[in-house]
Amino acid sequence: MKIWLLKKLYGNYETLKFENDNDSNVFHEGFRGVSMGDLKRIDVSTYNKGRKSDFPAGLLSPPVMSEKAVEVLRSLLEEKVEFVPMHKDNEKYYAINVVNTLDCIDPELSEARTFHGITIEYPKIVFKSEVVVSQDIFKYLFHDSKKVQVVDVFVSDAFRNRVIDSGLEGFDFIEVWNSESTIN
């Protein structure tokens, strides 16, 4: 079993921007691993032209997926994320608020970087395999403070394979953990 860091491909892909600058507040204040409730539709437009992406980049730090990507991945996302509707011309996108937060870091085997005694990042992550085994998308809690690591989103082999097998574009994956190479 592997865990992958979910990333966006930039390259020759289109990037998006907010139509209304006030909508950016939702992205600065929300997407912290907890429900944001019902949100109004957010309008976006093209910032830089390029190839269409099912996982567009731009001024949006949370994951954003095309309607096609959401349909392909829906069974892996249900009950683990909230979908924030976004529209660009006649296209539908969804910002993904990952609410599946796990206390899954093995503090004994992970390498932690601290500031004033509190963990701020893990240069080397070792997950508790019994916690992540059936989790297809998640954010983790820092092992000491139990605060949500708000930026990074992690996915399973099943998620990555579904993206690759369906030909979705704009996704990138960085392997961050392999249960086969970790002594648990």
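The values are calculated or read from the model by the stated rules, or taken from the named source; none is laboratory data. All values derive from a computational prediction rather than experimental measurement. When we count neighbours, we look across all protein chains shown, and the Cβ atoms used for this are built from the backbone with ideal geometry, even at glycine.
Restricted to the stretch 25-56, and to residues that are polar (S, T, N, Q) and in contact with a strand residue (DSSP E or B) (Cβ under 7 Å, 6 or more places away or on another chain), which residue is farthest from Asn97 (Cα to Cα)?
Asn48
If you go through the stretch 109-130 one residue at a time, do you hit one that is in contact with a helix residue (DSSP H, G or I) (Cβ under 9 Å, 6 or more places away or on another chain) and either charged (D, E, K, R) or modelled with pLDDT under 95 (or both)?
Looking for residues that are in contact with a helix residue (DSSP H, G or I) (Cβ under 9 Å, 6 or more places away or on another chain) and either charged (D, E, K, R) or modelled with pLDDT under 95 (or both), one finds none in the stretch 109-130, hence no.
What about Ala112, is it closer than 30 Å to Phe18 by Cβ, among the small types (Gly, Ala, Ser) and outside any loop (DSSP other than H, G, I, E, B)?
Considered against the rule, which asks whether it is closer than 30 Å to Phe18 by Cβ, among the small types (Gly, Ala, Ser) and outside any loop (DSSP other than H, G, I, E, B), Ala112 comes out as no.
Does the stretch 93-105 include one or more residues that are more than 29 Å from Ser181 (Cα to Cα) and either free of Cβ contacts under 8 Å to residues at least 60 places away in the same chain or part of a helix (DSSP H, G or I) (or both)?
The answer is yes, given that some residue of the stretch 93-105 is more than 29 Å from Ser181 (Cα to Cα) and either free of Cβ contacts under 8 Å to residues at least 60 places away in the same chain or part of a helix (DSSP H, G or I) (or both).
So in the stretch 25-45, with the set limited to residues that are touching a Lys or Arg at 6+ places or on another chain (Cβ under 7 Å) and surrounded by 13 or more Cβ atoms within 10 Å (Cβ to Cβ), which one is farthest from Ser166 (Cα to Cα)?
Step by step, filter the stretch 25-45, then rank; the result is Gly33.
Say we look at the stretch 2-18 and pick out the residues that are in contact with a helix residue (DSSP H, G or I) (Cβ under 9 Å, 6 or more places away or on another chain) and touching a residue at least 60 places away in the same chain (Cβ under 8 Å); which of these is farthest from Met65 (Cα to Cα)?
Among them, the one singled out is Lys2.
Yes/no matrix, rows are residues, columns are (1) closer than 24 Å to Ile137 by Cα; (2) more than 16 Å from the chain's Cα centre (by Cα):
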position: Tyr13; (1), (2): yes, yes
position: Lys17; (1), (2): no, yes
position: Ser35; (1), (2): yes, no
position: Ser45; (1), (2): no, yes
position: Lys52; (1), (2): yes, yes
position: Ser61; (1), (2): yes, no
position: Lys80; (1), (2): yes, no
position: Val84; (1), (2): yes, no
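Which of the residues belonging to the stretch 115-141 are out of contact with any Asp or Glu (no Cβ under 9 Å at 6 or more places or on another chain), within 25 Å of Ala158 (Cα to Cα) and part of a strand (DSSP E or B)?
Ile137, Phe138
Kindly evaluate Val132 against the criterion of being under 12 Å from Cys104 (Cα atoms), in the same structural domain as Glu108 (by TED's automatic domain parsing) and either in contact (Cβ under 8 Å) with a residue 24 or more places away in the chain or within 11 Å of the chain's Cα centre (by Cα) (or both).
yes
Within the stretch 57-79, can you find the residues that are touching a strand residue (DSSP E or B) at 6+ places or on another chain (Cβ under 8 Å) and surrounded by fewer than 16 Cβ atoms within 10 Å (Cβ to Cβ)?
Passing the criteria: Leu59, Glu67.
Name the one entry in Ile164, Ile174, Ile125 that is surrounded by 15 or more Cβ atoms within 10 Å (Cβ to Cβ) and β-branched (Val, Ile, Thr).
Step by step, each of Ile164, Ile174, Ile125 is checked, and only Ile125 is surrounded by 15 or more Cβ atoms within 10 Å (Cβ to Cβ) and β-branched (Val, Ile, Thr).
Check Asp165, Asp152, Asp144, Asp172 and return the single one that is more than 20 Å from Glu111 (Cβ to Cβ) and either more than 13 Å from the chain's Cα centre (by Cα) or not in a strand (DSSP E or B) (or both).
Step by step, each of Asp165, Asp152, Asp144, Asp172 is checked, and only Asp165 is more than 20 Å from Glu111 (Cβ to Cβ) and either more than 13 Å from the chain's Cα centre (by Cα) or not in a strand (DSSP E or B) (or both).
What single numbered condition from (1) more than 21 Å from the chain's Cα centre (by Cα); (2) within 30 Å of Glu14 (Cβ to Cβ); (3) not charged (D, E, K, R) fails to hold for Ile137?
(1)
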